[in-house]
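The values are calculated or read from the model by the stated rules, or taken from the named source; none is laboratory data. Just so you know, these numbers come straight off a predicted model, no measurement behind them. A quick note on method: Cβ atoms are made from the backbone with ideal geometry, for glycine too, and the neighbour counts reach across all protein chains shown.
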Amino acid sequence: MLTKFGLSILFLTVALAISTGPAKPSTRSADTSEIERGRYLVEEVAKCAECHTPRNAQGELDRHAWLQGAPIWIMPVKHIANWADRAPALAGFPGMTDEQGERVLEQGTGPEGETLRPPMHIYHMSHADAKAIIAYLRSLPQAPH
Ligand code: HEC
């Protein structure tokens, strides 16, 4: 049976767990926490890997080629003229400056302001989210050429 004391410990633990969730790390350095936040946004929220990671024969995302670029296998029911057939590599964030990456994620345009082809999303992320995502992508090993 839970005593009153046991119950308050339980509440305290739950409250602590909530207040020290992934968004507010207290002990890690700023850099590590920004990368971790970016990983969370990429993997759990925006699901960038669904398009930017190739799949194995079973149709599962290939963890060994994480975010290294992939053919687009989903097709619109109705033909869309400028539908892209490939999602470029994001691991290591090659070929783009941070500013260009921020443009893609904050303004929803290509690195030079050009129109992004579907099914790439038109994102309007906050600056902090875009920065965290780019920091995470830069922390990943670049795809072998
Ligand atoms: C539904 C599929 C899909 C998802 C999800 C997706 N992308 Fe893309 N992404 C694409 C495709 C397709 C392209 C190529 C677009 C083009 O050629 O215009 C692309 C292009 C890009 C580019 C390159 C832009 C350029 O013009 O060079 C970046 C950077 C990018 N995506 C980042 C991301 C990030 C970061 C996420 C997650 C936050 C993400 N994408 C989620 C499909 C996707």
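Structure above, values below:
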| read-out | value |
| --- | --- |
| Residue under evaluation Ala87, criteria (1) closer than 21 Å to Trp73 by Cβ; (2) at pLDDT below 95, criterion not met | (2) |
| Index of the failed condition, Glu50 passing every other in (1) within 17 Å of the chain's Cα centre (by Cα); (2) modelled with pLDDT under 95 | (2) |
| Selection from region 106-145 of residues that are part of a loop (DSSP other than H, G, I, E, B) and among the acidic types (Asp, Glu) | Glu112, Glu114 |
| Region 77-96, residues that are in a loop (DSSP other than H, G, I, E, B) and either in contact with a His (Cβ under 9 Å, 6 or more places away or on another chain) or more than 11 Å from the ligand (Cβ to nearest atom) (or both) | Val77, Lys78, His79, Ile80, Ala81, Pro88, Ala89, Leu90, Ala91, Gly92 |
| Only one of Gly95, Gly38 that is over 15 Å from the mean Cα position of the chain (by Cα) and of a type in the set (Gly, Ala, Ser) | Gly95 |
| Qualifying residues in region 107-141 (those that are polar (S, T, N, Q) and either closer than 14 Å to Tyr40 by Cα or touching a Ser or Thr at 6+ places or on another chain (Cβ under 8 Å) (or both)) - the one farthest from the ligand (Cβ to nearest atom) | Ser139 |
